[in-house]
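Remarks on the structure that follows.
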Amino acid sequence: VQKLEMIYEGKAKKVYKTDNPDLAWVEYKDDATAFNGLKKGTIMGKGELNNKISAHFFELLAQKGVPNHFVELKSDTEQVVKILQIIMVEVIVRNIAAGSLAKRLGLEEGTPLKHTVLEYCYKNDELGDPMINDYHIAALGLATKEQMAQIAEMALKVNEVMREYLKDKNIDLIDFKLEFGLHRGKVLLGDEISPDTCRFWDTETKKKLDKDRFRRDLGDVEDAYREILKRLQGGE
Ligand code: C5P
C-alpha cells in the first residue's frame with residue numbers, strides 16, 4: 001500500500017489516501033484535546049502509544065469475532081485501515097460509574113453499576129455530542145434499526161472481550177467509547193481504542209491510567225499510557 005495525500009486532519013489523527021480505494025493510512029498524533037476541544041495540549045509519545053494500543057485491541061477483537069477496520073501497522077505512529085462510511089453515533093459502554101454518568105446521576109465515581117449501560121451520542125462537535133436514543137437515531141436517519149441492533153450487540157461483545165482480557169493485566173475497564181461504520185455494506189468497528197477513548201483503572205490502587213490524567217491535570221499522563229501498552233505487551 002502506498003501513502004498518498006492527506007484527506008483529513010482531526011484532533012488526534014491525520015488520514016491519508018492510499019493507492020487502494022478501500023484503504024486509508026492513519027497517523028496518530030501527540031496532540032490531545034478535551035472538553036470538545038476547549039482544552040488543548042500535547043502528550044509526548046501519545047501518537048506511538050495509541051497507535052500500538054489500538055492495533056493491539058483491534059487484533060484481539062478480530063480474533064474474538066468482532067469485525068473491525070484495522071489492517072496493519074505501518075510504523076510506530078501509523079496504521080492502515082479499511083475506509084468506513086462512518087455512522088455519526090458515538091457508542092459509550094459503562095461498567096462502573098465515572099465521568100459524565102457519575103455527574104448526571106449523582107453517583108460517586110467508582111460505584112459499580114448493577115447492569116452494563118449503553119449510551120449513544122450524536123457525533124456533532126457544534127452541538128457538543130448530545131446524548132440521543134434509538135428514536136433520535138431513527139428520526140435523524142443516522143442508522144437503520146438493523147444496523148443499531150448489530151452495533152449494540154458488537155459493543156457489548158467488545159466490552160466482554162476487553163473486560164476479560166484486561167482483568168489478567170490488572171486493569172479495570174470502567175467505560176469506553178466506540179465508533180462504527182459501513183464497509184461494503186457491512187458494519188465494522190472503527191476509530192481507535194486507547195487511553196484517549198477508554199477509562200482504565202489499576203485494579204489494586206485504582207490509579208487512573210487514561211486521558212482523565214490530562215483532562216483533570218493529574219500529571220504522569222504519558223507514564224499512564226506507557227503503562228497500558230506495557231501491560232498489554234505482557235510486561236507485567
Ligand atoms: O465523559 P464521559 O464520562 O461521558 O465519557 C465516557 C467514556 O467515553 C470515557 O471513557 C471517555 O474517554 C469516552 N469518550 C470519548 N470521546 C468522547 C466522549 C467520551 O472517547 N467524545
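Just so it is clear, none of the values below were taken in a lab; they were calculated from the coordinates. This one's a predicted model, so the numbers in the text were calculated from it and none came from an experiment. Note: ideal-geometry Cβ built from the backbone for every residue, glycine included; neighbour counts use all protein chains shown.
For Ile171, the residues whose modelled amide H falls within less than 5 Å of its own, excluding neighbours fewer than 5 places apart on the same chain, are Thr203. The lysines whose alpha-carbon is closer than 19 Å to the alpha-carbon of Lys145, local same-chain residues fewer than 8 away aside, are Lys123, Lys157, Lys186. Computed as a quarter of the hull surface, the mean projected area of the alpha carbon convex hull for the chain stands at 12.8 nm². In plain terms, the chain from Ala34 to Leu60 could stretch by 6.6 nm, reckoned as 0.36 nm per residue minus the Cα-Cα distance. Over the range 1-92, the hull volume per residue, using the convex hull of the C-alpha atoms, is 117 Å³. Subtracting the Cα-Cα distance of Met44 and Lys206 from their residue separation scaled by 0.36 nm leaves 56.0 nm. Applying a threshold of 27 Å to the alpha-carbon distances of Lys14/Lys169; Lys52/Lys82; Lys74/Lys206 flags Lys14/Lys169; Lys74/Lys206 as lying beyond it.
Could you rank the peptides 64-75, 41-52, 187-198 by their average count of other C-beta atoms within 10 Å per residue, with the highest value first?
Values: 64-75: 17.1, 41-52: 20.2, 187-198: 23.4.
Descending mean neighbour count gives 187-198, 41-52, 64-75.
Global dimensions of the range 85-220 from alpha-carbon coordinates: Rg and Dmax equal 15.3, 45 Å. Cβ-Cβ distance of Asn133 and Gln2, R₀ of 45 Å, FRET efficiency by 1/(1 + (r/R0)^6): the value works out to about 0.60.
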